[in-house]
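Peer 1: First the structure, then my questions, so here it is.
The values are calculated or read from the model by the stated rules, or taken from the named source; none is laboratory data. For clarity, every value in this text was computed on a predicted model and none was experimentally measured. Positions of Cβ are backbone-derived with ideal geometry, glycine not excepted, and every protein chain shown enters the neighbour counts. The protein model used for the area step is the full one, side chains on, heavy atoms only, and it has no ligands, DNA or RNA in it. Shrake-Rupley method; radii C 1.70, N 1.55, O 1.52, S 1.80 Å.
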Amino acid sequence: MTTLRLTVAQALVRFLARQYTERDGHRHRLVNACWGIFGHGNVAGIGQALREDPAALPFLQGRNEQAMVHAATAYARQSDRLRAQAVTTSIGPGATNLVTGAALATVNHLPVLLLPGDTFATRRADPVLQQLEVPYAGDLSVNDTLRPVSRYFDRVTRPEALIPAALQAMRVLTDPVDTGAVTLALPQDVQAEAYDWPPEFFAYRIWRVPRPAPDPDALAEAARALRAARRPLIIAGGGVHHSEAEDALRTFADATGIPVAATQAGKGALRHDHPADVGGIGHTGTATADALAREADVVLGIGTRYTDFTTASATLFADPAVRFVNLNIAAFDAHKLAALPLVADAREGLTALTRALHGHRVDAAYETGYATAKAAWERRVDAAYAAPDPAA
């Protein structure tokens with residue numbers, strides 16, 4: 001059988017250059033750049049591979065490891081999670097600086113690929129500069145701090161182990177439910193080790209991102225709850241953007257007249273000048289949105305994970321009988337607040353809900369009430385901006 005002789009690092013760069021996502025017929029390069037700071041543990045492997053083939057995986061020079069992860073995460077958010085970037089670091093403090101950024105990516109379901117250098121797999125050089133020496137465990141390194149903040153973690157201690165690890169990494173990066181930080185810890189000797197790779201490892205792969213539809217029974221129950229509501233409120237989260245469901249949300253709001261408040265990640269899900277938009281929600285919300293939340297009897301959460309900022313530390317929803325209907329692609333988030341879960345893609349779920357609520361609209365007095373409150377809030381904001389600067 002014909003094979004390709006490459007180092008592990010060279011093989012990983014070539015593999016990443018051939019991974020694509022596809023949704024709604026649109027195809028994207030999955031990992032299209034690598035941020036990096038080179039030093040002990042990654043310069044002779046990943047560093048050399050990136051230098052030798054810059055077209056396969058363009059290199060972006062970083063100055064701070066945490067900032068590199070944040071930049072890569074922001075790129076994934078703006079790309080609706082269909083594209084991601086990699087981050088490589090040296091061993092020791094360079095790798096531990098990834099932890100905060102990795103945690104942010106994971107809790108927000110945003111894909112980022114972390115490639116930290118690691119200690120020698122052979123342990124011939126032991127201890128390595130900046131190695132974490134643990135008296136009770138010889139197989140720990142600083143990269144193990146990334147385990148609890150990664151959606152997938154593997155340490156590639158042999159060349160052939162890269163094949164299943166890389167494929168699992170791509171699976172997680174492209175899964176809208178499981179995505180987050182993915183860590184492949186790369187021992188520095190293994191990075192530079194040559195191996196005869198099967199050509200099929202480098203075949204072009206398309207990872208199709210699904211749009212699961214809601215369960216019909218759950219959809220019918222959600223529609224009944226919304227039809228019965230007298231003071232419903234929509235909370236639009238970041239999942240609206242990830243699903244490219246902005247148009248579906250506008251259509252739903254146009255049809256039903258239900259007011260829409262946005263989380264920090266959901267900002268802009270509905271245009272600020274739309275009649276149903278009432279601004280931010282929670283600790284950083286508008287007076288209009290928070291007043292509606294306190295009186296809401298049914299809350300439709302769309303693509304939100306209900307952080308403490310959104311719920312004002314679980315103090316915002318004051319009606320003792322308030323019910324929640326959560327449309328979310330992740331069952332974990334859909335079940336929060338003892339909600340009726342509607343587990344589905346946000347765009348598919350909103351489209352189905354619009355059909356199920358055909359002909360239904362909130363009471364005219366409710367619409368007039370929140371429109372009047374929104375106008376009053378905007379006058380207060382305008383007045384605050386127009387006020388003279390006392391320091392001037």
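Peer 1: Quick one: is GLN188 over 26 Å from LEU60 (Cβ atoms) and crowded, with 19+ Cβ neighbours inside 10 Å?
Peer 2: Values: over 26 Å from LEU60 (Cβ atoms): no; crowded, with 19+ Cβ neighbours inside 10 Å: yes.
When the stated conditions are applied, GLN188 does not pass them.
Peer 1: With the checklist (1) free of Cβ contacts under 8 Å to residues at least 60 places away in the same chain; (2) within 13 Å of VAL182 (Cα to Cα); (3) surrounded by fewer than 24 Cβ atoms within 10 Å (Cβ to Cβ) in hand, flag the one item VAL87 doesn't pass.
Peer 2: Among (1) free of Cβ contacts under 8 Å to residues at least 60 places away in the same chain; (2) within 13 Å of VAL182 (Cα to Cα); (3) surrounded by fewer than 24 Cβ atoms within 10 Å (Cβ to Cβ), the lone unmet condition for VAL87 is (3).
Peer 1: Which pairs turn up if I take residues in the range 229-252 that are under 18 Å from GLY279 (Cβ atoms) and look for partners that are part of a loop (DSSP other than H, G, I, E, B) and of a type in the set (Ser, Thr, Tyr) with beta carbon separation below 6 Å, at least 6 apart in sequence or on another chain?
Peer 2: Partner pairs satisfying both residue conditions: ILE235/THR304; GLY237/THR263; GLY237/THR304.
Peer 1: Which one of the conditions (1) within 15 Å of the chain's Cα centre (by Cα); (2) small (Gly, Ala, Ser); (3) over 30 Å from HIS241 (Cα atoms) does GLY92 fail to meet, given that it meets all the rest?
Peer 2: (1)
Peer 1: Report, by residue number, each residue of the range 227-239 that is assigned to a helix (DSSP H, G or I) and crowded, with 21+ Cβ neighbours inside 10 Å. Spell out the reasoning first.
Peer 2: Initially, the range 227-239 is screened for residues assigned to a helix (DSSP H, G or I), giving 227-228, 238-239.
Of everything in the range 227-239, those that are assigned to a helix (DSSP H, G or I) and crowded, with 21+ Cβ neighbours inside 10 Å turn out to be GLY238, GLY239.
Peer 1: Would you pick out the residues in the range 146-189 that are closer than 21 Å to GLY101 by Cα and of a type in the set (Asp, Glu)?
Peer 2: Selection gives ASP154, ASP175, ASP178.
Peer 1: Testing GLU133 on (1) open to solvent by 50 Å² or more (accessible area, probe 1.4 Å); (2) at positive phi, one condition comes back false. Which one is that?
Peer 2: Here GLU133 meets the rest and fails (2).
Peer 1: Taking the range 339-392, which residues are without any contact (Cβ under 8 Å) to a residue 40 or more places away in the chain, assigned to a loop (DSSP other than H, G, I, E, B) and among the aliphatic types (A, V, I, L, M)?
Peer 2: Matches in the range 339-392: ALA339, ALA387, ALA391, ALA392.
Peer 1: Can you find a residue that is touching a residue at least 40 places away in the same chain (Cβ under 8 Å) and out of contact with any Lys or Arg (no Cβ under 8 Å at 6 or more places or on another chain) anywhere in the range 59-67?
Peer 2: The initial filter retains those residues of the range 59-67 that are touching a residue at least 40 places away in the same chain (Cβ under 8 Å), namely none.
The answer is no; no qualifying residue exists.
Peer 1: Any idea which of PRO187, PRO212 is in contact with an Asp or Glu (Cβ under 6 Å, 6 or more places away or on another chain) and within 30 Å of LEU140 (Cβ to Cβ)?
Peer 2: On the way: PRO212 fails: within 30 Å of LEU140 (Cβ to Cβ).
From the options PRO187, PRO212, the qualifying one is PRO187.
Peer 1: I need the full set of residues from the range 173-215 which are under 21 Å from the mean Cα position of the chain (by Cα) and charged (D, E, K, R), in order please.
Peer 2: Correct list: ASP175, ASP178, ARG208, ARG211.
Peer 1: Checking ASP80 against (1) assigned to a loop (DSSP other than H, G, I, E, B); (2) open to solvent by less than 20 Å² (accessible area, probe 1.4 Å): exactly one of these is not met. Which one?
Peer 2: Looking at each condition in turn, ASP80 falls short on (2).
Peer 1: Among the residues of the range 322-337, is there at least one that is in contact with a Phe, Trp or Tyr (Cβ under 9 Å, 6 or more places away or on another chain) and either in a loop (DSSP other than H, G, I, E, B) or free of Cβ contacts under 8 Å to residues at least 12 places away in the same chain (or both)? Step through it out loud before you land on a result.
Peer 2: Let us first name the residues in the range 322-337 that are in contact with a Phe, Trp or Tyr (Cβ under 9 Å, 6 or more places away or on another chain), namely 324, 326, 333, 336-337.
Then keep just the ones that are either in a loop (DSSP other than H, G, I, E, B) or free of Cβ contacts under 8 Å to residues at least 12 places away in the same chain (or both); that gives none.
No, the range 322-337 contains no residue that is in contact with a Phe, Trp or Tyr (Cβ under 9 Å, 6 or more places away or on another chain) and either in a loop (DSSP other than H, G, I, E, B) or free of Cβ contacts under 8 Å to residues at least 12 places away in the same chain (or both).
Peer 1: Residues in the range 242-273 that are part of a helix (DSSP H, G or I) and either open to solvent by less than 10 Å² (accessible area, probe 1.4 Å) or modelled with pLDDT under 95 (or both): how many?
Peer 2: In the first step, residues of the range 242-273 are kept if they are part of a helix (DSSP H, G or I); the result is 242, 246-256.
Narrowing further to those that are either open to solvent by less than 10 Å² (accessible area, probe 1.4 Å) or modelled with pLDDT under 95 (or both): 249, 252-253, 256.
Qualifying residue count for the region: 4.
Peer 1: Sticking with this one: Search the range 33-59 for residues being part of a strand (DSSP E or B) and of a type in the set (A, V, I, L, M, F, W, C), and hand back the single one that is most open to solvent (accessible area, probe 1.4 Å). Working first, answer last.
Peer 2: Initially, the range 33-59 is screened for residues part of a strand (DSSP E or B), giving 33-36, 59.
Pick out the ones that are also of a type in the set (A, V, I, L, M, F, W, C) and you get 33-35, 59.
Numbers: ALA33: 7, CYS34: 1, TRP35: 55, PHE59: 77 Å².
So, considering only residues that are part of a strand (DSSP E or B) and of a type in the set (A, V, I, L, M, F, W, C), the one most open to solvent (accessible area, probe 1.4 Å) is PHE59.
Peer 1: Just one of ALA276, ALA344, ALA293, ALA338 is touching a strand residue (DSSP E or B) at 6+ places or on another chain (Cβ under 9 Å), of a type in the set (A, V, I, L, M) and surrounded by fewer than 23 Cβ atoms within 10 Å (Cβ to Cβ); which is it? Explain how you work it out, then say what you get.
Peer 2: Numbers: ALA276 fails: surrounded by fewer than 23 Cβ atoms within 10 Å (Cβ to Cβ); ALA344 fails: surrounded by fewer than 23 Cβ atoms within 10 Å (Cβ to Cβ); ALA293 fails: surrounded by fewer than 23 Cβ atoms within 10 Å (Cβ to Cβ).
The conditions single out ALA338.
Peer 1: Can you tell me which of LEU167, LEU140 is open to solvent by 10 Å² or more (accessible area, probe 1.4 Å), free of Cβ contacts under 8 Å to residues at least 12 places away in the same chain and within 21 Å of ALA9 (Cβ to Cβ)?
Peer 2: Working: LEU140 fails: within 21 Å of ALA9 (Cβ to Cβ).
Exactly one residue qualifies, and that residue is LEU167.
Peer 1: Here is a further query. Restricting attention to the range 274-305, and to residues there that are of a type in the set (Asp, Glu) and in a helix (DSSP H, G or I), which single residue is farthest from ARG77 (Cα to Cα)? Please lay out each step first, then the result.
Peer 2: So the first thing to find is which residues in the range 274-305 are of a type in the set (Asp, Glu), and the list is 277, 290, 295, 297.
Going one step further and asking which of them are in a helix (DSSP H, G or I), we end up with 290, 295.
On the way: ASP290: 26, GLU295: 32 Å.
Restricting to residues being of a type in the set (Asp, Glu) and in a helix (DSSP H, G or I), the top hit is GLU295.
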